[in-house]
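K.L.:
Pasting a structure here, questions to come.
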Amino acid sequence: MGQGEKQLTLEFTSNDGRCALRIQSAQAGGRLASKLMYREKANSWEALSSLHIDLTDKNHKQAMHARVERQASRLIKRQEYAELDKPERILSQIPKALFDKLSRAEYYDEVAQAVFYHWAIFKSAQRADESKSADCHCGKLDTYLSGESPFFCLEDVVVQADKAYGLFDELSQASDFAGKRFIPEQTLVFLKQRTGTGVSASTIDRIFKAEFRHFWKAELTEGDRNRVLKAIQARSTSPINRRYDPDCIAYHAFWGHDCGCCKNYEDICRNCSAICYLHDRACIDCDHWYCLWGCKPGCPNEEPAP
């Protein structure tokens, strides 16, 4: 194998031994090729999804979601739902198994991360089939683009309602803006009603941001808003950027290194979400299989809002 070339072959079998998955990935010359094959019993291997990615393209991560959608559309035309369900159940067990088996360097490598691309293809096809839709949508995930997590479609990031409730309730305790308290009542009720279940992080984000936007515009005066922005500015020598996203104030993600900000940089936070906030809080010790090298240990913004 030449310098810079990498290969990885993974084979997993269902618990009853009736089904098997094989993933073959190879990286060479700045390109990644990966194929997922499946078989039942002693049947021949059948290729279900394949990927060819130019890793030298600086926009290859931004294009990954569209690539997954195209592959999912092809897959759903060829397979019935029951045929999708069996390999997906095996796929869902692989990331944790890889995290336990591989070194961190091996786990972070693209040949191993191809597992997540194939998994997303199956999940997108399943969602389309369940909704009787031809749209295999795969929403862009901020933590993947920023290098903080493996690849997921936005729709597939599910968090435990109990854990999310505790974190958002804790966040609201420190959410006093210009002397006025922000309590995300709709968000907390939504999560409490779903105790013991998993909920979509994108749904939480949508409800939470809508509540804060109403509070920001209806409950705070222009003077209040200016005082909040000046208080944030007083904590740093960086100037307030006109493009600053007010939604990030709700998460106390004032700066690029704060929990909830969807990257890690020294500037005003310009993009934040429930996914990034819950991810940052969960990955404080960076020992979870869904955290990558961009995970920032600790939450430096655990302080009251201005």
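The values are calculated or read from the model by the stated rules, or taken from the named source; none is laboratory data. None of the values given here were measured: they were computed from a predicted structure. All Cβ positions, glycine included, derive from the backbone under ideal geometry; neighbour counts span all protein chains shown.
K.L.:
Give me the helices (runs of 4 or more DSSP H) completely within the range 131-221, filtered to those with at least 3 residues that are among the aliphatic types (A, V, I, L, M) and assigned by TED's automatic domain parsing to the domain that holds PRO246, ordered by residue number. Before you say what the answer is, go through the steps one by one.
P.N.:
Values: elements: 142-145, 161-173, 185-192, 201-214.
Where helices (runs of 4 or more DSSP H) fall fully within the range 131-221 and carry at least 3 residues being among the aliphatic types (A, V, I, L, M) and assigned by TED's automatic domain parsing to the domain that holds PRO246, they are 161-173, 185-192, 201-214.
K.L.:
Residues in the range 110-130: is at least one under 29 Å from GLU5 (Cα atoms), surrounded by fewer than 19 Cβ atoms within 10 Å (Cβ to Cβ) and either assigned by TED's automatic domain parsing to the domain that holds CYS19 or touching a residue at least 24 places away in the same chain (Cβ under 8 Å) (or both)?
P.N.:
yes
K.L.:
Shifting gears a bit: Going by the structure shown, is CYS261 modelled with pLDDT under 80 and in contact with a Cys (Cβ under 6 Å, 6 or more places away or on another chain)? So that I can check it myself, show each step before the final result.
P.N.:
Numbers: modelled with pLDDT under 80: no; in contact with a Cys (Cβ under 6 Å, 6 or more places away or on another chain): yes.
Here the answer is no, as CYS261 does not meet what is asked.
K.L.:
Further question: Filter the range 1-46 for residues that are among the β-branched types (Val, Ile, Thr) and within 24 Å of ARG67 (Cα to Cα); which is surrounded by the fewest Cβ atoms within 10 Å (Cβ to Cβ)?
P.N.:
Per the stated criteria, the residue is THR9.
K.L.:
Oh, and also: I need the full set of residues from the range 49-60 which are in contact with a helix residue (DSSP H, G or I) (Cβ under 7 Å, 6 or more places away or on another chain) and crowded, with 19+ Cβ neighbours inside 10 Å, in order please.
P.N.:
SER49
K.L.:
Now a separate question. Every residue in the range 196-205 that is without any contact (Cβ under 8 Å) to a residue 40 or more places away in the chain and in contact with a strand residue (DSSP E or B) (Cβ under 9 Å, 6 or more places away or on another chain), please.
P.N.:
The answer is GLY196, THR197.
K.L.:
If the Cβ limit is 7 Å and pairs must be 6+ apart or interchain, which residue in the range 80-103 that is over 18 Å from LYS41 (Cα atoms) pairs with which residue that is surrounded by fewer than 16 Cβ atoms within 10 Å (Cβ to Cβ) and at pLDDT below 85?
P.N.:
Partner pairs satisfying both residue conditions: PRO95/TRP289; LYS96/TRP289; PHE99/TRP289.
K.L.:
While we're looking at this one, here's another question. Filter the range 172-203 for residues that are closer than 15 Å to CYS272 by Cβ and modelled with pLDDT under 90; which is surrounded by the most Cβ atoms within 10 Å (Cβ to Cβ)?
P.N.:
ALA201
K.L.:
Scan the range 158-197 for residues that are touching a Ser or Thr at 6+ places or on another chain (Cβ under 7 Å) and over 16 Å from TRP216 (Cα atoms) and report the count. Spell out how you get there, then give the answer.
P.N.:
Step one: list which residues in the range 158-197 are touching a Ser or Thr at 6+ places or on another chain (Cβ under 7 Å), which gives 158, 161-162, 168, 181-184.
Subsequent filtering for residues that are over 16 Å from TRP216 (Cα atoms) retains 158, 161-162, 168.
The number of residues fulfilling the criteria is 4.
K.L.:
Being crowded, with 16+ Cβ neighbours inside 10 Å and more than 20 Å from the chain's Cα centre (by Cα) is the requirement here; does LEU141 meet it?
P.N.:
Values: crowded, with 16+ Cβ neighbours inside 10 Å: yes; more than 20 Å from the chain's Cα centre (by Cα): no.
Considered against the rule, which asks whether it is crowded, with 16+ Cβ neighbours inside 10 Å and more than 20 Å from the chain's Cα centre (by Cα), LEU141 comes out as no.
K.L.:
Among CYS299, CYS286, CYS291, CYS295, which is hydrophobic (A, V, I, L, M, F, W, C) and either at pLDDT 75 or above or under 22 Å from THR187 (Cβ atoms) (or both)?
P.N.:
Sole residue among the options that is hydrophobic (A, V, I, L, M, F, W, C) and either at pLDDT 75 or above or under 22 Å from THR187 (Cβ atoms) (or both): CYS299.
K.L.:
Mind listing whichever residues of the range 61-90 are surrounded by 13 or more Cβ atoms within 10 Å (Cβ to Cβ), within 17 Å of the chain's Cα centre (by Cα) and not charged (D, E, K, R)?
P.N.:
Across the range 61-90, the qualifying residues are MET64, HIS65, VAL68.
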